[in-house]
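The values are calculated or read from the model by the stated rules, or taken from the named source; none is laboratory data. No experiment lies behind these values; they were computed from the predicted model shown. Heads up, the Cβs are rebuilt from the backbone with ideal geometry, glycines too, and the neighbour counts pull from every protein chain shown. We work out accessible area using only protein heavy atoms, side chains counted, and drop any ligands, DNA or RNA first. Shrake-Rupley method; radii C 1.70, N 1.55, O 1.52, S 1.80 Å.
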Amino acid sequence: MKFCKKYEEYMQGQGQKKLPGVGFKKLKKILKRCRKQPHSHGVLVDKGNGDSSTCPQQCPVCDGTFFPSLLKEMSAVVGFFNERAQRLLELHLGSGFSKCFIWFKEKLRGNHGALIQEGKDLVTYAIINAVAMRKILKKYDKIHYSKQGQAFKSQAQSMHIEILQSPWLCELMAFHINLRESKVDSRNASALFQGCSLILNDGKPSLSCELFDSVKLDIDLTCSICLETLFDPVSLTCGHIFCYMCACKAGSVTIVDGLTAATPKQKCPICRQEGVYEAAVHLEELHILLGRSCPEYWEERRKSEKIERVQQTKEHWESQCRLFMGI
């Protein structure tokens, strides 16, 4: 079965949920219309097989509708996925009154089976849309003999609308492993991801997961600032993950003020992108997973960080007192 038909069947099956998606068939029609319509701004390219209907790289027929439509659809898909994944993980990590409130609000059963099914549905939704975006951009480049599709993909990553770049996908991977390794409903947990695991190579951890249509995710869990295993990890909006304290240092803020206090001009230490700190995401499921997997390191790091956090907090309030007293 061709992917386009498979994708359409999947989205139709989700009809009652009214999920945003990629207009795969509509975008293919735009490209098909481009191949048929003559262009007045250049000579048509001959493929060598008698078909001379391929348009040039700068295409007024495609570019005015194709990329804007895809951009809008990608934004809607990523926004929906992030929102639903965040709700799911809040339910899993919640406790007491807040957990009961979310249960009643979302009408979910109070067991891990419901969480696993919700997580599975979200992962399937994310992956099949990621594949759809990849295939339609590849088709654009094939028709136009260009690399504009790949350039658009890079642009989408810089705009934080590449779904495989979402920190919530990383959190769902950690969520799955945490459920699988817990004693509660461990038999059902294998349904969420196939081939998803935490790998320790010479003491350096990474998340690895094989997904739909040969898509594979490998996430390095070493902080690029301190070069140690991530502790209290946060993901900046550019997708790069650091220890919380390391991220605070990179953003020139204290742990008391937090990452939201970083100025928009502060850059990611890796990609040098600005404005990536304010909406940073705490990866709590990943924090739990690493704590279980590296208990000795975790305890040592926890003690050292506790000393540093107390020192920073003390210095912060001493400076605030001096300012208040005018010293």
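Checked against (1) within 18 Å of residue 238 (Cα to Cα); (2) at pLDDT below 85; (3) in a helix (DSSP H, G or I), residue 141 passes all but condition (1). Residues in the stretch 282-308 that are over 29 Å from the mean Cα position of the chain (by Cα) and either more than 18 Å from residue 231 (Cβ to Cβ) or not aliphatic (A, V, I, L, M) (or both): 296, 300, 303, 304, 306, 308. Taking helices (runs of 4 or more DSSP H) as the structural unit, those lying wholly within the stretch 221-327 and holding at least 2 residues that are of a type in the set (D, E, K, R) correspond to 284-293, 295-325. Being buried (at least 18 other Cβ atoms within 10 Å of the Cβ), closer than 23 Å to residue 133 by Cβ, over 16 Å from the mean Cα position of the chain (by Cα) and at pLDDT 70 or above, is that true of even one residue in the stretch 77-85? No - not one qualifying residue is present in the stretch 77-85.
Every test in (1) assigned by the TED database to the domain that holds residue 303; (2) crowded, with 20+ Cβ neighbours inside 10 Å is passed by residue 255 save one, and that test is (2).
Within the option set 55, 59, being in contact with a Leu (Cβ under 9 Å, 6 or more places away or on another chain) and at pLDDT below 75 holds for one residue only, 55. Within the stretch 270-281, does at least one residue satisfy the condition of being among the small types (Gly, Ala, Ser) and within 15 Å of residue 228 (Cβ to Cβ)? No: the stretch 270-281 contains no residue that is among the small types (Gly, Ala, Ser) and within 15 Å of residue 228 (Cβ to Cβ).
Listed here are the residues, each with its yes/no results for (1) over 30 Å from residue 179 (Cα atoms); (2) open to solvent by 40 Å² or more (accessible area, probe 1.4 Å).
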site: 277; (1), (2): no, no
site: 282; (1), (2): no, yes
site: 297; (1), (2): no, yes
site: 302; (1), (2): no, yes
site: 314; (1), (2): yes, yes
site: 322; (1), (2): yes, yes
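When the stretch 271-327 is examined, which residues are found to be over 18 Å from residue 199 (Cβ atoms) and of a type in the set (Phe, Trp, Tyr)? 277, 317, 324 - these are the residues of the stretch 271-327 that are over 18 Å from residue 199 (Cβ atoms) and of a type in the set (Phe, Trp, Tyr).
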